[in-house]
């Protein structure tokens, strides 16, 4: 008997040879994406995309997020403008794109639960209209509860505790928010929720942790009001560069404690429930004679291209970006224009080459000119086109939309350096260091600005700051081409006297 299991990373269903119940709990490596995972039974029949697997030993635990700041590993100071144009914003897009791709897999798993001649619901809200949170479990949350929850959530994310992250989210209520008012059969709802609850939490939390990397940070900024709904705003800054914001919607849970019931993702410009709702509308259009079927003509393309969508998702998860982009281009236009896939294309193209990214961004801007995420995504677009004033205007717009964040000055530094505005770039970098003294990233930005401006005293001051305040250690700068001019300066001789080996 074949024992089907599902990879929680790329969602492929694999067939376990000579399987038995004793296999549950052991670890294996997926033959599609090569990621390891613990074996759990797959609750649906293995489909035609099932593959064999390769076993592996228990992996060593990952180093903590703080280990990269301990000085235990040497690294050169960053190059000037090290963040790189494509990495300035787009490396933060993974957690936005993965929502759509996770939801896509849920839709694929739910496809066999569509029913014919389903009863119609009396009300219908258009895609993107999500019901507000109701205080169903007692009094509304107090300001003190919002603040305490935010600090706790920040701590667990920065500790890379994906399990605790999942436990703080009421995924069932998030799904319910996305379905409010839609005409869905009971069978579809049950099947969809079953698939969603088995994948969304683990994969979204895992993507957030993966995106942050070892030294990235998740910072609580403020509790604020959005359209009469209180939210908790966090900044997500990956260690590889990039930026995103998560705006959390909270409610009082059944146990009386605060819990997350939705996320607004800045780089997608919408709530997670809205992203989910858009794909539910397409998936549920398979219900014969339903109002949703009349609403959208995308369902036939969706159903006809299931193997292509599976392949696209698996390639993206495996980091096969050129292949994923080629698969995207084989999709029909109706699917290419869907926001979730258009965003995915933008992220994937940024990992292929500059030309593909610019083309993807231009298409997205044309298809969604009024989207809330346009300014955010346009920062890299304008930097690549050398339209630095427009890039700075886009940064200002994002800054206003999040209620102000000094950390955005790191992104401003890139544009200011390219314009030759070195004093302004230095002030921008120094303002971030002052606002976020515990972060070493802004110090590296300051060093890079000094290199590009040939301000070698600034470079020396930055190196000392990184070493003394953040326990950073550095390779021999004489081996780093970007520091060739600094090495010739008197400041480099001073650095040699104090550099820790």
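Over segment 405-498, what is the mean sequence separation of C-alpha contacts under 8 Å (at least six apart), divided by residue count, expressed as relative contact order in percent? Present the calculation step by step, with values, prior to reporting the outcome.
Details: 94 pairs, mean separation 19.9, N = 94.
Normalised by residue count, the contact order of segment 405-498 is 21 percent.
Placing a pseudo-label 7 Å from each Cα along the Cα-to-Cβ vector at residue 496 and residue 471 gives an inter-label distance of 2.9 nm. Note on residue 239 and residue 464: their simple-model spin labels are 2.8 nm apart, each label 7 Å out from Cα toward Cβ. You can think of it this way: the chain between residue 225 and residue 478 has 85.9 nm of extra reach, that is 0.36 nm per residue less the Cα-Cα gap. Here r is the Cβ-Cβ distance between residue 370 and residue 139 and R0 is 30 Å; the resulting FRET efficiency, rounded to 0.05, is 0.20.
With a Förster radius of 22 Å applied to the beta-carbon distance between residue 304 and residue 337, the computed FRET efficiency rounds to 0.85.
Order of 373-385, 429-441, 470-482, 174-186 by packing, highest average Cβ count within 10 Å first?
373-385, 174-186, 429-441, 470-482
Relative to the current alpha-carbon distance between residue 435 and residue 187, full extension at 0.36 nm per residue lengthens the span by 84.1 nm. Looking at the square roots a ≥ b ≥ c of the eigenvalues of the Cα gyration tensor of segment 217-282, which shape do they give, rounded for a/c under 1.5, prolate if a/b is larger than b/c, or oblate? Oblate, because a/c is 1.5 or more while a/b does not exceed b/c. The packing ranking, built from the mean of other Cβ atoms within 10 Å per residue, places the peptides 455-464, 491-500 in the order 455-464, 491-500, highest first.
Among 359-370, 208-219, 145-156, what's the highest-first ranking by average C-beta atoms within 10 angstrom per residue? If you can, show how the numbers build up before the last one.
Values: 359-370: 15.0, 208-219: 20.5, 145-156: 16.7.
Highest mean packing first, the order is 208-219, 145-156, 359-370.
Available extension along the chain between residue 172 and residue 152 is 5.0 nm, counting 0.36 nm per residue and deducting the alpha carbon span. If R0 is taken as 56 Å, the Cβ-Cβ distance between residue 161 and residue 485 corresponds to a FRET efficiency of 0.80.
Bear in mind these aren't lab numbers, they're just calculated from the coordinates by the rules spelled out. Quick caveat: nothing in here was measured; it's all calculated off a predicted structure. Positions of Cβ are backbone-derived with ideal geometry, glycine not excepted, and every protein chain shown enters the neighbour counts.
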